[in-house]
Each structure stands twice: as structure tokens, then as C-alpha cells.
There are 2 protein chains.
Amino acid sequence: MVQINDNFLKLPGSYLFSEIARRVAAYSAAHPEKALIKLGIGDVTLPLPQAVTAAMHKAVDEMATASGFHGYGPEQGYAFLREAIAAQDYKARGVDIAPDEIFISDGAKSDCGNIVDLFGPDNKVAVCDPVYPVYVDTNAMSGRAGVYDEKSGKWSNLVYMPCVAENGFMPDLPGELVDMIYLCFPNNPTGAAATMDQLKPWVEYANRTGAILLYDSAYEAFITTPGVPHTIYEIDGAQTCAIEFRSFSKTAGFTGTRCAYTVVPKALQRGGASLNAMWNRRQCTKFNGVPYVVQRGAEAVYTPEGRAQVQANLAVYQNNAKVIREGLAAAGLTVSGGVDSPYVWARTPDGVDSWTFFDRLLQEANVVTTPGAGFGPSGEGYIRLTGFGQPDATKEAVERVKAVIR
Amino acid sequence: MVQINDNFLKLPGSYLFSEIARRVAAYSAAHPEKALIKLGIGDVTLPLPQAVTAAMHKAVDEMATASGFHGYGPEQGYAFLREAIAAQDYKARGVDIAPDEIFISDGAKSDCGNIVDLFGPDNKVAVCDPVYPVYVDTNAMSGRAGVYDEKSGKWSNLVYMPCVAENGFMPDLPGELVDMIYLCFPNNPTGAAATMDQLKPWVEYANRTGAILLYDSAYEAFITTPGVPHTIYEIDGAQTCAIEFRSFSKTAGFTGTRCAYTVVPKALQRGGASLNAMWNRRQCTKFNGVPYVVQRGAEAVYTPEGRAQVQANLAVYQNNAKVIREGLAAAGLTVSGGVDSPYVWARTPDGVDSWTFFDRLLQEANVVTTPGAGFGPSGEGYIRLTGFGQPDATKEAVERVKAVIR
């Protein structure tokens, strides 16, 4: 009899966004006349930049000819894309990352999930609280999280690092020794961005203890504040302790087009092994690369036209975030984020819990948000709103929310 | 200090195709004037069917507009594609598979690799010998294979089921109890196709013992012999014991376009858990779906024009396989496969070993093949050739090989 991986049975019910979808569907079914505005899930809404679709059309044309056809590509991604990334996302910021330290993939979610393959089962894992659920669930599936306690909302073997108003939404170094540390800046869900000085102690901690930083910078393109680092490798010493996850999803509108990359520096060694070689082996064995057409689309993000078009789209989302942040603040809510991030993190009024406030905004304002409690115990008492909506709808949503909470 | 997954350190050196690439590159560097013909790796060469590229162009156009833009899609794939598959790949063969039993992915290699997430570490794994290396390596990485012995070419905890001339390249049921059984028909690398009667004992065995069949039918489109099943679910009872992997790679030329699917029937339960629910959870947590543009391309494979164009391409590859099989047989080699499969499996002459014959064909015929030993100990003494080349080059390669072995 085959034994299943019974860690799966320990996972609590629904994934956060499924539960939101369920509540929204139920409300819509009961009130089909209501026009909902969705500021919940972090999905983009603007079309792909013209430079990207032009490159994709060209690549599709190539695939239709014998001479231009591309079969299996390198599992790690094409050199043209890895080189563009190395030059423009790193070298241009004074960071030396070689193309063979960059692995193209179908998504940061895939990579954040699959990276656990490289690590033993007994590592102590530290996560921010609140947190992107993928870090937690993938470690639970692979047996590192222990047992889930419904009451506290915590797994017995994880170390939770609260990110709350009291510490400016910046985690403190863990009080016990940990081995794998997930950090995400600009943060999902709080929208907080970390400065050089705030990141340095983490690099120092990881190099001193031999821990690994799993650094998710999927939202770096939203950084506007000068001096806020766009990559963990802007911190000296990070190449010997950090893996970085990046994505075209939020930067260039690729949520439905699927392209991302992960950086594993060759200087990153643990237990006598090269993590770069291990990830390369993992990807060559369990992955066959990203569609040629998609990689050509991603490459176009790095052309002058592509960059300008991406910046124009980002400006729309950044302004949406500003509208939400300023509107809710004007209505008396305590808000953070939304400056270097598409996410605004708002305290619920009168101490009501996240799901209650979520339901209230759904039912009274017809606005869909994300309840902070869905991201972890310290997210209780908050909701997340995103700047990814359409500008007019975003303004309308803010007015509706203001009317409800006044 | 983080502990790495030290199972990675047990993996022997290079992945098969990397070693081939290395030898080919070395030979080419030393003999730049020689024109090599590659009949080694199983990669397609014909352009994407016109119906597919037309659908992809249309989808790219949609992605360029606000109204047609698609962000995150369902992790499991769009209904339009899952429904086409259920209707045409299953229902049309008298098999009831529901769309929610079909999970669209970026590749059969990904799914064959990632499926190990669902199973506990102590399962006994049985593989055919020779075998597609991914089944072995992914179980080695997740700790089920034990220790690799260089001399025998075997892992200590795997059960090897020889597929050799003596048993018509059909594995015998294992003599000891096993839990996870990988089967691939039409087979990679031997090209053997299994009949209904040859598959029935496996379904019976798995249902009786509680084992799981992991059935790779990535090459089903090459079946020409009437009565040979295209899916494991043509065998009664398979829905309670089998997961099936399918791909558009070899069927429709998607090796560089990346689309595949895996069927996990809802009737498949083990240890009180639904494998369908577990795979759904795995995919929702660690995967974000296949590009919209690619899924529209895959959908076009099921249109009347798409089907006709795919069949025309397959006919080219099938004829190539016939040319190889008949040519090598005429030259005195013992060959099998190549009828219901793009793969021809040829015995080396005079009992020389696989790599020696590989090197001889590379150096004297300038033809790249795949050494059978790379697929496992029972592949020793064989080479694999594929029908995926261009027709003229394939004919030329066969003539060159004939000249060398005469």
C-alpha cells in the first residue's frame, strides 16, 4: 500500500484566496445586481505593454517556420534573457550577478515553493507574521512546520516574526537559532519596504550562523524612495547567504503570461555543496524551461520602449495605491504601505476582526479586500488593499469605503 | 546552520543528455568541418501547426487590450482546455474523465517530477529498466532511492524491472511488494507499446495491493496499431489506481511552447485521502498555471484544422522512425520500436557497449544517438534513435550508419 505524504493532511482548510472567492461568489449569487470592485487579490489589470506583445507576435511567427522554430530550450532559460537581467536588474545597480546565477522560471510562486527541495527536513524555518501563505504551506507540505494549531493559527515548528505597527512592520531578529529565513520586501502583505540598514543585520546573522535568506523581491519595481535597495545583493555579503526571487508578474503585467527568475549565487555554499549547482540540478531534472515566446516577451521588458511602457503602467498602480492610502487615512483609518509597494495595509476600525471588516466592506461597500488574518495571526485587525485595480474603480471603491466607515 | 537535502549529493555526475551534449561539443570543436545529424534527444523539429500559431497570435492580441487581458488564470488550467481534453482524448475513446480530474501544466517532466510531493518517504518504487531518468532522479532527490552503486548503475532501494529482448521489452510484475510503479507506454526509450492484455495485470496488481501506477503516456499520439490502448484508463479499474501524464510536446510540437496535463481521477484514494484533492492543493500552492497564450494554442490542437495539421506532422516523424527501423534492420542490426513510437531501439553490433557504439557513430558516421546504458543497466548494449529529425537528414543518417556498420 502506497503511503501518502501525510503532511498534506495537516494543512488547514482553504487557501486564503479560495475562501475569499467563495465568500464573494456567495454574495454575488445572492445580490446579482451589485457591482463589486475587487481590490483584494494582487492581480494586475492593465494590458501587456506593446513592446512585449510585439515581441511575442514575432516569436510566434518564428515558431511557425522551420528555420525559426525552437524546441526544448535550456532549462535555466535563454542566454538573451539571463544576460539582460544580469545587466539591467543587477549590474546597473552596481551588483555583480552572472547570467549563470539566474534561473528563468514560470513564476516566483513555483520557485518559492520548489526551493524547499534543496533543504533537509529538520531545518528551523522563520517567517514574517503576517506572511505570504506559500512560504508556510510549502514548508508544511514538506514536513518542516510541525502541527497546525487552529486556535493560535500557528504551526508548532515555525518561528513567527511579528511585523506590526509597534516595530514599524519590520521583523526583529529571531530570539532562537533558525536556519531558513523568508523575507519579502517590499512586503506582501504590509507594503513595508526595508532600508539598507534594516537588511544588513539579516545578512550578518545568516553569514554568522549559516542560515539561508530566502528573499522575495517580487515587488521591487514599486520602490520609489531613494536609497531603498531593490535587491538583497545590494547588501555586502548577501551572495554568501541569500537566494532572491523575482517576477515579471507585477513588474510587467505577466500574471497570466508566467515568467520569473531566481538568483542563486555561486558563492552560496552550505554543507560543502553549491546551492547554485543543486538548484541547477533540481531545475534540469524537474523542469523544462519557460516557453520561448514568453521569454522573448520578457526580454522586451528590457528594451527602451519596454521600460518606458512598464514605467507608465507602474505609475498607474502607484497612483492607485496613493489614492487608497490617502483616502483611507482621510477617513480616519490608520494605514501604512502604498509608497514603495502596490499594497496598502489598513487597521480595521474599532478593533473589529479582519474577516468581519472584510464582510462589512463586501456587503456594505461592495468592495473586495483581503483580510489580514489570512496572512497570519499578526495580520488580525488589518485588511490589505491593492493598487492593481482600474483608476476610476479604485477611486470609486475608496469613496464607498469612506462612506461605510464614517 | 541550514542543512541541505543531502540526497542531492548522492546523485551521480551528469544527467544523460548533458553528457551527450558534452561529447558532441568536444567532437564538434575538434572537427568543425563535420556536419552532424542529431537523432539523439527526443526533440521535435517541425514548426508549430498553423492552427496553433493562429490561436496564439489571437491570444497575444487579446492580452494587448484591456478587455481581452488575462491575469492569473486557474492554477489547474482553463475550462476551455480541460473540457476539450476530456471530450477528445478520453470521452471519444469511451473513457469518462471529468475536466476537474485534468490538471494543465507546463510539462510532463514537471509533473512526473513534482508528483513525488504527494507520497511519503518510505514507499518502495519500481521502475522499468531501461527508464526515463526523471523517474529515478526525482525519487533519489526525495530520499526514496537509497544509495547509488556506480558499478551496477543501480540505486539500493529501487526495484528495477528489466525490459529486454527476452521479455519483449515488457516488464514482469515485481517479485516483491512495491508501492509506486512507473510505467511508460509507448515506452521511452525502447519504443515498445503495451496491449490491453499486457496492462491489465498491472491495474489488477495495483488495486489488489494499494500500489499506485504512475503512467506516462506522453507518446500515445504515435500509436498506429489498432487495439493498443492510448490511455491507461481504457483498462477497467485504472481510475482507482493510476495517475496519467500526457504532453503536447511530442504530439503537437510543444517542446519549446510548454504544455502538458496530468489526470488524477477522483476515484483514486489512498490512506483515506483523495489524490485528486492532494494534487490540486499541491498545484494551487506551488504553481500558478500555464500562460493563457499557450493554453489557447493547445486548445487549437483539438480543432479540425489543428487535428489534421498535427496528424500530418506525426506522419513525418512516423515515417522517419520507419526509415530508421527498416534501414538499420537491413544493415543487420537487431531493432525494435519505431512502430507505435518515435523511438527505435537498436542492439549494438558485436556486443560492444552503448557508449562505445555511441562514440563510434558520432566519430565515424557523424550521427548523434543516445546510448542505451544512459537509461539504466538493462539499456547496456543498445542505442536509441528518434524519428524527430528532418526526413532528408534522417535518410542520410541511416545511410551513414549503414556504411559504418557494414
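The values are calculated or read from the model by the stated rules, or taken from the named source; none is laboratory data. Keep in mind the model is a prediction, meaning the values are calculated, not measured. So basically every Cβ, Gly included, is an ideal-geometry build from the backbone, and we count neighbours across all protein chains shown. Areas reflect the complete protein model, heavy atoms only, side chains present, ligands, DNA and RNA absent. Shrake-Rupley method; radii C 1.70, N 1.55, O 1.52, S 1.80 Å.
Here are the numbers:
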{"item": "Accessible-area value, B:MET278, 1.4 Å probe, nucleic acids and ligands omitted, Å²", "result": "10 Å²"}
{"item": "Chain A - mean residue ellipticity at 222 nm from DSSP helices (-39,500 (n - 2.57) per run, n ≥ 4, rounded to 500)", "result": "-10500 deg cm²/dmol"}
{"item": "Pairwise label distance in nanometres, A:GLN390 with B:ASP96, each label 7 Å out on the Cα-Cβ vector", "result": "4.3 nm"}
{"item": "Estimated inter-spin distance, A:VAL147 and A:ARG406, nm [label 7 Å along Cα→Cβ]", "result": "5.2 nm"}
{"item": "Size descriptor, Kirkwood hydrodynamic radius, that averages inverse alpha-carbon separations across segment B:59-128, Å", "result": "15.1 Å"}
{"item": "3J(HN,Hα) from dihedral phi, segment A:28-36, Karplus parametrisation 6.51/-1.76/1.60, rounded to Hz, x for glycine, proline", "result": "5, 5, 7, 9, x, 7, 8, 8, 7"}
{"item": "Rg(Cα)/(2.2 N^0.38 Å) for segment A:97-185, N = residue count", "result": "1.17"}
{"item": "Contact order normalised by residue count of segment A:72-302, Cα under 8 Å, 6+ apart, percent", "result": "25 percent"}
{"item": "When segment A:163-233 is reduced to its Cα atoms, the Kirkwood hydrodynamic radius in Å", "result": "12.7 Å"}
{"item": "Within the protein assembly as shown, percent of DSSP bridges classed antiparallel, to nearest 5", "result": "55 percent"}
{"item": "Residues of type lysines that A:LYS151 reaches as a straight line, Cα spacing below 30 Å, ignoring anything fewer than 8 places off in the same chain", "result": "A:LYS10, A:LYS38, A:LYS109, A:LYS124, B:LYS286"}
{"item": "Cα pair distances of the protein assembly as shown binned at 20 Å [whole percent]", "result": "16, 49, 30, 5, 0"}
{"item": "Highest-first arrangement of A:297-307, B:306-316, B:254-264, where packing means the average Cβ count within 10 Å", "result": "B:254-264, A:297-307, B:306-316"}
{"item": "Extended-chain gain in nm, criterion 0.36 nm per residue less alpha-carbon gap, A:ALA330 and A:LYS58", "result": "93.1 nm"}
{"item": "Å³ per residue enclosed by the Cα convex hull of segment B:329-406", "result": "87 Å³"}
{"item": "At 1.002 mPa s and 20 °C, Stokes diffusion of segment A:1-85 via Kirkwood alpha-carbon radius, µm² per second", "result": "114 µm²/s"}
{"item": "Residue among A:TYR302, A:VAL264, A:THR251 farthest towards the positive dipole end of segment A:193-312, charges placed on Cβ", "result": "A:VAL264"}
{"item": "Nm distances between copies for B:THR209, ranked from closest, using label points 7 Å along Cα→Cβ", "result": "4.5"}
{"item": "Alpha-carbon centroid distance for the pair segment B:228-261 / segment A:242-306, whole angstrom", "result": "28 Å"}
{"item": "Evaluated over segment B:171-304, the Cα radius of gyration and Dmax, each in Å", "result": "15.8, 47"}
{"item": "Where labels lie 7 Å past Cα in the beta-carbon direction, separation of A:GLU204 and B:LYS322 in nm", "result": "7.4 nm"}
{"item": "A:THR45 accessible area, 1.4 Å probe, all protein chains in place, Å² to nearest 10", "result": "40 Å²"}
{"item": "Between segment A:363-377 and segment A:56-132, the alpha-carbon center distance in angstrom", "result": "32 Å"}
{"item": "Built amide H within the under 5 Å cut-off of A:GLY107, gap 5+", "result": "A:ALA260"}
{"item": "Phi-based couplings in Hz for segment B:337-354 (Karplus 6.51, -1.76, 1.60; Gly and Pro marked x)", "result": "x, x, 9, 9, 7, x, 9, 10, 10, 10, 6, 6, x, 6, x, 6, 7, 4"}
{"item": "Where N is the number of residues in segment A:227-313, Cα Rg divided by 2.2 N^0.38 Å", "result": "1.28"}
{"item": "Under 5 Å, built H, 5+ apart or other chain: amide partners of A:ILE4", "result": "B:GLY120"}
{"item": "nm² value of the averaged projected area, convex hull over the Cα atoms of segment B:52-302", "result": "14.1 nm²"}
{"item": "Pairwise FRET efficiency - B:VAL352 versus A:THR240, Cβ, R0 = 60 Å, nearest 0.05", "result": "0.80"}
{"item": "Charge context of A:LEU173, other residues only, Cβ under 12 angstrom, K/R +1, D/E -1", "result": "-1"}
{"item": "Estimated FRET transfer efficiency when R0 is 60 angstrom, pair B:ALA308-B:VAL164 (beta carbons, to 0.05)", "result": "0.95"}
{"item": "Average partner coverage of B:109-120, which counts Cβ from other chains inside 10 Å", "result": "5"}
{"item": "Cα-only Debye scattering, segment B:241-366: base-10 log of I(q)/I(0) at q = 0.11, 0.17, 0.19 Å⁻¹", "result": "-0.66, -0.99, -1.06"}
{"item": "For segment B:279-406: relative contact order, % (alpha-carbon pairs under 8 angstrom, 6 or more apart)", "result": "24 percent"}
{"item": "Whole-Hz ³J(HN,Hα) from phi, Karplus 6.51 cos²θ - 1.76 cosθ + 1.60, for segment B:292-305, glycine and proline x", "result": "3, 4, 6, 5, 5, x, 5, 4, 5, 4, 9, 7, x, 5"}
{"item": "Translational diffusion coefficient (Stokes-Einstein; Kirkwood radius from C-alpha pairs) of segment B:1-148 at 37 °C, 0.692 mPa s, in µm²/s", "result": "162 µm²/s"}
{"item": "Amide proton proximity set for B:LYS38, modelled H, under 5 Å, gap of 5+", "result": "B:VAL368"}
{"item": "Share antiparallel - DSSP beta bridges, segment B:52-302, percent rounded to 5", "result": "45 percent"}
{"item": "Prolate/oblate/rounded label for segment A:208-248 (Cα gyration tensor, a/c 1.5)", "result": "oblate"}
